[in-house]
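The values are calculated or read from the model by the stated rules, or taken from the named source; none is laboratory data. No experiment lies behind these values; they were computed from the predicted model shown. Neighbour counts are summed over all protein chains in view; Cβ atoms, including those assigned to glycine, are modelled from backbone coordinates with ideal geometry.
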Amino acid sequence: MVFSFELIRHPNIRYRQSLSRLACCELQCMLEALGIICEVEPESLGNASFLTFSCRELTESELQYLSGHSALSLLAERPERGLLRPLPAAFRGTLEEDLAEVLKYKGKTGVTFTKMMLNMARALLTDHPPGSGLPLLVADPLCGKGTTLYCALEYGDDALGLDADRKAIREAQTYFKKYLEYHRLKHTVVQRSETFGKVSVPVWECVFTPANGRQHPSSARKLLLAPGDTTLLPGLTRRRAADLLAGDLPYGVQHAPQSGSRPEPFREMIARALPAWYAALRPGGVLALSFNTLTLKRSVLADALRESGFSVTDRAPFCSLEHEVEQAVVRDVIFALKSKEVSSQ
């Protein structure tokens, strides 16, 4: 059968110029997770951009999984050349898509890009097949105001965010609570302090029940937020290790420190953060990091990941995502895995 994906018309003109290529990589990864290896071809129909592929008949659950593609506008089959038959492709998440879109924030990481990164990372989880219905724990150790966390919650996962910017964490807490209240979703908030070594960290935990009919009523979801240095992540995941760790590295050459008078050299931050991030992931878990290639070379980051114990995924389409964001930012994404054999050592 022949299927076509109509792509959204992204409002960011620079990102739009790369969207077809990035969306193609994402779709190939998602199809591969379903055990489907096929060519995905960009195509223009009228004034719209499409991705077209040919494969076996897709089940309802597989169509639902593919409907989570970050740039999908319309999913259709093509019984005859030139004809499109729209297919029902219901969003598979537990929260509405406005969660990540409504919040305004300073930054260059949009929702479409973030969902693409998460979908490609999920495709690498060989022990968590699409449609399993089991929630992941998605952690962002540089979460800012929480875009990655909100995207994960929309997809039906639990989320954990850590950031040195206390103001950003407070804004994320306030925003998410107001979101749940606006949508009249049952929730409880618990605030506590946890001590990691000699550091006491205020932890904010929100457990909520998704809207009726989106999942089993007995299944709740959780968002945990904490201010603090990124190396505290293993303490926050000691009860439950993260399945996915996704983050957007600072695009400049320096990283604002949690305390102190001088900015921390970016590579120093990476060197001390990666071992902590490795410890926070479960065996078989996946790390996805976006970064600016003008301030951090892919080869340097890949070497640092390997030195910390990660296995870097350097095959297509996982290594074909470099694209221009603005004059001073050429963004790329790197994916790495924590070996499953770690638990037996």
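When segment 22-37 is examined, which residues are found to be touching a Ser or Thr at 6+ places or on another chain (Cβ under 8 Å) and either modelled with pLDDT under 95 or among the acidic types (Asp, Glu) (or both)? If the condition is that a residue be touching a Ser or Thr at 6+ places or on another chain (Cβ under 8 Å) and either modelled with pLDDT under 95 or among the acidic types (Asp, Glu) (or both), then Glu26 is the only one that fits. If you go through segment 312-323 and keep only what is out of contact with any Phe, Trp or Tyr (no Cβ under 9 Å at 6 or more places or on another chain) and surrounded by 14 or more Cβ atoms within 10 Å (Cβ to Cβ), you end up with Pro317, Ser320, Leu321, Glu322. Contact map, segment 275-289: residues that are assigned by TED's automatic domain parsing to the domain that holds Pro129 paired with residues that are among the charged types (D, E, K, R) and part of a helix (DSSP H, G or I), Cβ distance under 6 Å, separation 6+ or inter-chain. Pairs shown: Pro283/Lys340; Gly284/Lys340.
You will find that of Leu99, Leu51, Leu63, the residue that is hydrophobic (A, V, I, L, M, F, W, C), buried (at least 20 other Cβ atoms within 10 Å of the Cβ) and free of Cβ contacts under 8 Å to residues at least 60 places away in the same chain is Leu51 and no other. Within segment 149-200, restricting attention to residues that are of a type in the set (Ser, Thr, Tyr) and within 24 Å of Asp248 (Cβ to Cβ), the residue that is modelled with the lowest pLDDT is Tyr155.
Could you say whether any residue in segment 106-124 is over 30 Å from Arg170 (Cα atoms) and surrounded by 17 or more Cβ atoms within 10 Å (Cβ to Cβ)? There is at least one residue in segment 106-124 that is over 30 Å from Arg170 (Cα atoms) and surrounded by 17 or more Cβ atoms within 10 Å (Cβ to Cβ).
Of all residues in segment 104-113, none satisfies being among the basic types (Lys, Arg) and at pLDDT 95 or above. Just wondering, is there one or more residues in segment 296-311 that are under 24 Å from Arg239 (Cβ atoms) and of a type in the set (S, T, N, Q)? Yes, there is a match, as at least one residue in segment 296-311 is under 24 Å from Arg239 (Cβ atoms) and of a type in the set (S, T, N, Q).
Of the residues making up segment 49-90, those that are in a loop (DSSP other than H, G, I, E, B) and either within 23 Å of Tyr15 (Cα to Cα) or in contact with a Pro (Cβ under 7 Å, 6 or more places away or on another chain) (or both) number 5. Looking only at residues of segment 34-48 that are outside any loop (DSSP other than H, G, I, E, B) and of a type outside the set (S, T, N, Q), we find that the one that is nearest to Gly131 (Cα to Cα) is Val40. How many residues are more than 27 Å from Glu80 (Cβ to Cβ) and either of a type in the set (Val, Ile, Thr) or touching a Leu at 6+ places or on another chain (Cβ under 7 Å) (or both) when one looks only at segment 1-59? Qualifying residue count for the region: 5. Taking first residues from segment 165-193 that are in the same structural domain as Arg221 (by TED's automatic domain parsing) and free of Cβ contacts under 8 Å to residues at least 60 places away in the same chain and partners that are surrounded by 14 or more Cβ atoms within 10 Å (Cβ to Cβ) and part of a loop (DSSP other than H, G, I, E, B), the Cβ contacts under 6 Å between residues at least 6 apart in sequence or on separate chains come to Ala168/Gly144; Ala168/Lys145; Glu171/Lys145; Ala172/Lys145; Ala172/Gly146; Lys186/Thr209. Being out of contact with any Cys (no Cβ under 9 Å at 6 or more places or on another chain) and at positive phi is true of Gly156.
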